[in-house]
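*Asks:* Before anything else, here's the structure in question.
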């Protein structure tokens with residue numbers, strides 16, 4: 001859990017964090033300028049916030065080359081969470097909301113792994 005990432009793993013995590021950050025900004029912009037319905041705008045705002053948090057955490061973990069599994073869970077969870085909300089907004093099919101908790105649980109698991117890993121890490 002606290003093992004260092006291989007350079008290739010770190011590169012992938014940082015790359016996905018960059019894509020995740022871009023997705024967050026696009027969601028925020030689309031919500032602010034392209035969606036008239038207030039409830040759908042709120043979904044995009046929530047998606048953007050969670051996606052940006054996942055991008056920030058993934059970027060930090062990737063640059064530190066630590067906690068690969070945690071970074072993967074956070075980035076994948078952020079994507080699933082935000083993409084399911086995006087799907088609701090784009091299709092207006094609320095059934096995509098059934099996928100959202102999977103992303104949320106993945107985010108929670110990733111952050112718990114960071115917490116536990118940090119407690120168990122030897123001091124540098």
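All of the numbers you see were taken from the coordinates with simple rules; none came from a lab. Treat the numbers as computed from the prediction; the structure is a model and nothing was measured. So basically every Cβ, Gly included, is an ideal-geometry build from the backbone, and we count neighbours across all protein chains shown.
*Asks:* How about region 75-100: which of its residues are part of a helix (DSSP H, G or I), over 13 Å from the mean Cα position of the chain (by Cα) and surrounded by 13 or more Cβ atoms within 10 Å (Cβ to Cβ)?
*Replies:* 86, 87, 88, 89, 90, 96, 97
One line per residue, one yes/no per condition, for (1) surrounded by fewer than 14 Cβ atoms within 10 Å (Cβ to Cβ); (2) under 11 Å from the mean Cα position of the chain (by Cα); (3) over 30 Å from residue 119 (Cα atoms):
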| site | (1), (2), (3) |
| --- | --- |
| 9 | no, no, no |
| 13 | no, no, no |
| 16 | no, yes, no |
| 23 | no, yes, yes |
| 43 | no, no, yes |
| 51 | no, yes, no |
| 54 | no, yes, no |
| 59 | no, yes, no |
| 66 | no, no, no |
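*Asks:* Would you point out the residue of region 32-46, among those that are assigned to a helix (DSSP H, G or I) and either touching a strand residue (DSSP E or B) at 6+ places or on another chain (Cβ under 8 Å) or touching a residue at least 40 places away in the same chain (Cβ under 8 Å) (or both), that is farthest from residue 104 (Cα to Cα)?
*Replies:* My answer is 40.
*Asks:* Same structure, new question: May I ask you to verify whether residue 65 is touching a residue at least 24 places away in the same chain (Cβ under 8 Å) and touching a strand residue (DSSP E or B) at 6+ places or on another chain (Cβ under 8 Å)?
*Replies:* Taking the combined requirement at face value, the residue satisfies it.
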